[in-house]
Amino acid sequence: MSSVSECKEYLFKVLVIGELGVGKTSIIKRYVHQLFSQHYRATIGVDFALKVINWDSKTLVRLQLWDIAGKEGKLLISYY
């Protein structure tokens with residue numbers, strides 16, 4: 001009998017919200033791409049990034065990171 005190991009996959013949607021200019025985009029870029037810049041332009045609307053994590057040998061976690069523009073906070077409900 002051969003053992004078939006199945007990989008479990010999980011997808012989580014993470015909304016990153018906060019006031020304008022507090023560093024939401026910087027945190028996401030650093031976490032996903034290991035990049036940091038002091039010169040970002042304000043996000044207009046929403047931006048997305050995907051971080052894939054090999055949790056263990058049988059578990060894959062996908063984080064869908066939503067970078068929500070600070071000044072658009074009142075419109076959040078329309079995005080998700």
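Points to keep in mind about this one:
- Cα gyration tensor shape for the range 8-78, rounded if a/c is under 1.5, else prolate or oblate: oblate
- Taking the range 8-78 as the region of interest, the number of lysine pairs whose Cα atoms are within less than 17 Å, with members eight or more places apart or on different chains, is 9.
- Ranked list, fewest to most other Cβ atoms within 10 Å of each Cβ, for Ser5, Ser37: Ser5, Ser37
- In a DSSP loop and with at most 11 other Cβ atoms within 10 Å, the GluC sites (Glu not before Pro) in the range 1-65 are Glu6, Glu19.
- The residues neighbouring Val52, those whose beta-carbon lies less than 10 Å from its own, together hold a net charge of +1 under the Lys/Arg +1, Asp/Glu -1 convention.
The numbers here are math on the coordinates, done by the rules we state, and not lab data. Everything numeric in this text was worked out from a predicted model, so none of it was measured. Every residue, glycine among them, receives a Cβ derived from its backbone with ideal geometry; neighbour counts consider all protein chains shown.
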